[in-house]
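Student: First the structure, which I've put down as structure tokens, then a few questions once you've had a look.
The values are calculated or read from the model by the stated rules, or taken from the named source; none is laboratory data. Computed from a predicted model, the values in this text were never measured in an experiment. Positions of Cβ are generated from backbone atoms using ideal geometry, with glycine treated the same way; all protein chains shown enter the neighbour counts.
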2 protein chains.
Amino acid sequence: MKAGHVNEVPVEPVEMKGAEGVYIQWLIKKDDGAKNYAMRRFILKPGAKIPRHMHEWEHEIFVLSGKGKVGAGEEEVEVGPGSFLYIEPDIPHWYENTGDEDWVFLCIIPYL
Amino acid sequence: MKAGHVNEVPVEPVEMKGAEGVYIQWLIKKDDGAKNYAMRRFILKPGAKIPRHMHEWEHEIFVLSGKGKVGAGEEEVEVGPGSFLYIEPDIPHWYENTGDEDWVFLCIIPYL
């Protein structure tokens, strides 16, 4: 078993053009023994965005706090604490913090 | 994209001897398109336990609220909001709500 707490995990800036104010914590990953999927925690500062992008892996997302807008393909949804999302592989998607506090969510991705 | 909220998802009792007061919500699952892993939300009422058991799939857990004790193999840890856990496949593990409010956590399992 590996146990930890978010307060102990490094908070790293996400290196992506247009993604200023976006941070990531890798909570559970391959070198913890997790061979099928990784658990990450994202923090978007008020106004921060993750621009439209796509990749071949899916997302499973759970919103912990704050609020934001998530777009995928032709859809856009507003989410808040307790919201969850499944975003298919190979679909363009984007994020924006639309509130006045940090928007924090978990995002699980597969190791393909 | 599939979007939802925990308030909209059925809360089902966990059918397991000794697991009275344990409930599960399947947030993201195979019939939503998720083919690699499922996201579930567990609710353990105060005093509720999930007895020692094992299986061939791992767990990735994130504690949302409340507090509890998780055992796996020879280890036991106390967890609370913001705690996360990786529990290896094929290791005996168990859970107990040690607080006076509901203990709520996410638990992601692979589709093997």
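Student: Among the candidates A:20, A:60, single out the residue that is modelled with pLDDT of 95 or more and more than 13 Å from residue A:105 (Cα to Cα).
Tutor: Values: A:60 fails: more than 13 Å from residue A:105 (Cα to Cα).
Exactly one of A:20, A:60 is modelled with pLDDT of 95 or more and more than 13 Å from residue A:105 (Cα to Cα), namely A:20.
Student: Residues of the stretch B:61-87 being in contact with a Lys or Arg (Cβ under 6 Å, 6 or more places away or on another chain) and part of a loop (DSSP other than H, G, I, E, B), which ones?
Tutor: B:80
Student: Ok, one more. Could you run through the stretch B:22-57 and say how many residues are within 11 Å of chain A (Cβ to nearest Cβ), in a strand (DSSP E or B) and exposed (fewer than 14 other Cβ atoms within 10 Å of the Cβ)?
Tutor: Total meeting the criteria: 0.
Student: Test residue A:19 against the criterion of being aliphatic (A, V, I, L, M), more than 9 Å from every other protein chain (Cβ to nearest Cβ) and out of contact with any Ser or Thr (no Cβ under 7 Å at 6 or more places or on another chain), and give yes or no.
Tutor: Details: aliphatic (A, V, I, L, M): yes; more than 9 Å from every other protein chain (Cβ to nearest Cβ): yes; out of contact with any Ser or Thr (no Cβ under 7 Å at 6 or more places or on another chain): yes.
Yes, satisfied.
Student: Same structure, new question: Just a yes or no: is a residue in the stretch B:88-95 in a loop (DSSP other than H, G, I, E, B), more than 8 Å from every other protein chain (Cβ to nearest Cβ) and surrounded by fewer than 15 Cβ atoms within 10 Å (Cβ to Cβ)? Lay out the reasoning, then the answer.
Tutor: Initial filter on the stretch B:88-95 (in a loop (DSSP other than H, G, I, E, B)): B:88-92.
Subsequent filtering for residues that are more than 8 Å from every other protein chain (Cβ to nearest Cβ) retains B:89-90, B:92.
Then keep just the ones that are surrounded by fewer than 15 Cβ atoms within 10 Å (Cβ to Cβ); that gives B:90, B:92.
Looking through the stretch B:88-95, at least one residue is in a loop (DSSP other than H, G, I, E, B), more than 8 Å from every other protein chain (Cβ to nearest Cβ) and surrounded by fewer than 15 Cβ atoms within 10 Å (Cβ to Cβ).
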